[in-house]
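Input: a single structure, listed below in structure tokens.
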């Protein structure tokens, strides 16, 4: 059995760990509130954009020359996967879930004979895929999470993807990120960015209303400037969800860690007290039996 | 019957209120969104959105390009970036114009798509400076 001194040191160290984890929890909670607010503030733009693209897509449907961002390259060979993670760890299974899902997708696509490319966002994803699939990485984007996310990050990433697409280096682009439900739950999912998937049948636009729309300058021009913008907006939304999810996951993980540390301290304190009592009893027995022997 | 106008930037909703008329900087010229306007989707250039109530200007916003979706009683402006005109930072805009002009000098003159984007950005920043200095 450990000595009293060792137990004391052990209890002290667990106590300071608990202090750290509970501080991290508080920080994550404060950041979460901010991240969640900015994620919610960005939602109207994305929704309005989705609606406009939906309306436009209906009115240009059937035309021969659709912009490639909408119609695709006509091929389905090279897939670009963009896993979005945080830059730092200590947030439970948040990043591991993304890695797992991405790895599954890579092996599925490769078994179908597709070419896979990776563009990891966030240091965690980059480090992970450097170890496992270094040959697939075409680019990376790291070192921005934790701060307020400016739109310019999303727009430069969107432009990068657009350039890859226009130079026919990729045919399909898919984001892999955590959808933020609440602080306890983030769901990893993949969302196809390119070619754009139009959500139809939502009932937002009645069919007879569509025909009444005028377009200035014209549908194709509008669509060709809307689509790259939409790409950036989708990426921005995913980045914000990731930021909110990271802080939510970290808050939950640190809450659990704090609780575990508390439990561990209780257990250690009990062992410590028992050991102390056993020592006293032992000494007493020694003294008494010594006195009896005289 | 007033028009419900919303000016939305990627980060947040800037304005959501009822006005009698909103003048938008369309790519082919200004366009006023009034009640009962025919539904139209519009590409915007960099310029100023002016909000009117009873023929008086109640507010002006600078938008750096974007899109507008106008229906009979609603006008949604999706701005690439947007600021109230009185908050325009002319020094920053001038510096940006300077940087863009240098990019223009260095740009490959055969790359038409790139030149087009640059030109639009320059026009947008120029419009921002004009709007800021006239207010």
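Please report the base-10 log of the normalised intensity I(q)/I(0) for chain B, using a Debye sum with one equal scatterer per alpha carbon and no solvent, at each q in 0.12, 0.16, 0.19 (1/Å). Log10 of I(q)/I(0), two decimals: -0.48, -0.80, -1.04. On the beta carbon distance between residue A:111 and residue A:276, with R0 = 60 Å, the FRET formula returns roughly 0.45. Would you mind telling me which residue in A:253, A:243, A:134 has the biggest mean-square fluctuation in a Gaussian network model of chain A, where springs connect alpha carbons within a distance under 10 angstrom? Highest fluctuation of the listed residues: A:134. Within chain A, DSSP assigns beta bridges of which about 45% are antiparallel (rounded to the nearest 5). FRET efficiency for the residue A:137 to residue B:32 pair, using the beta carbon distance and R₀ = 56 Å, is estimated at 0.65.
Quick check: the distance between the Cα centres of segment B:1-74 and segment B:98-135, to the nearest angstrom? First find each Cα centre; the distance between them is then 24 Å. For segment B:66-91, the residues whose amide N sits under 19 Å from a probe point set 7 Å from the Cα of residue A:41 along the beta carbon direction are B:77-89. Note on segment B:88-134: Kirkwood hydrodynamic radius from all Cα pairs is 11.0 Å, rounded to one decimal. Expressed as an acute angle from 0 to 90° and rounded to the nearest 10, what is the orientation of the C-alpha long axis of helix B:90-106 relative to the principal long axis of chain B? Roughly 50 degrees between the two axes.
With an a/c value of 1.5 or above and a/b not larger than b/c for the gyration tensor axes a ≥ b ≥ c computed over the alpha-carbon atoms, segment A:66-178 is described as oblate. Between A:75, A:234, A:191, the residue with the greatest mean-square fluctuation in the GNM of chain A (Cα pairs under 10 Å linked by springs) is A:75. Projected label points at residue B:73 and residue A:283, each 7 Å from Cα along the beta carbon direction, are separated by 8.8 nanometres. Other protein chain C-beta atoms within 10 Å of residue C-beta, averaged over A:51-57: 2. Helix B:112-134 and the longest principal axis of the C-alpha atoms of chain B enclose an angle of approximately 60°. Could you state, as a whole-number percent, how many of the C-alpha pairs of segment A:217-294 are farther apart than 18 Å? Here the long-distance tail beyond 18 Å is 73 percent of all Cα pairs in segment A:217-294.
Would you mind checking the tilt of helix A:219-293 against the longest principal axis of the Cα atoms of chain A, expressed as 0 to 90 degrees and rounded to 10? Rounded to the nearest ten degrees, it is 10.
Full extension of the chain between residue B:13 and residue B:87 yields a length gain of 25.0 nm, computed as 0.36 nm times the residue separation minus the alpha carbon distance.
With R₀ fixed at 25 Å, the C-beta to C-beta distance from residue A:260 to residue A:26 puts the FRET efficiency at about 0.90.
Each helix, a run of at least 4 DSSP H residues, gives -39500 (n - 2.57); summed and divided by the residues of the protein assembly as shown, these come to -18500 deg cm²/dmol at 222 nm. Largest mean-square fluctuation among A:238, A:278, A:35, in a Gaussian network model of chain A whose springs join Cα atoms under 10 Å apart, belongs to A:278. The Rg/Rh ratio of segment A:39-250, with Rg taken over Cα atoms and Rh as the Kirkwood radius over Cα pairs, comes to 0.98. Rounded to the nearest whole angstrom, the semi-axes of the ellipsoid equivalent to the protein assembly as shown, taken from the Cα gyration tensor as √(5λ), stand at 56, 27, 21, largest first.
Any read-out appearing in this document is the output of simple, stated calculations on the displayed coordinates, not a laboratory observation. Just so it is clear, the model here is predicted, and its values are computed rather than measured. Here the Cβ is made from the backbone with ideal geometry for all residues, glycine too, and neighbour counts use every protein chain on show.
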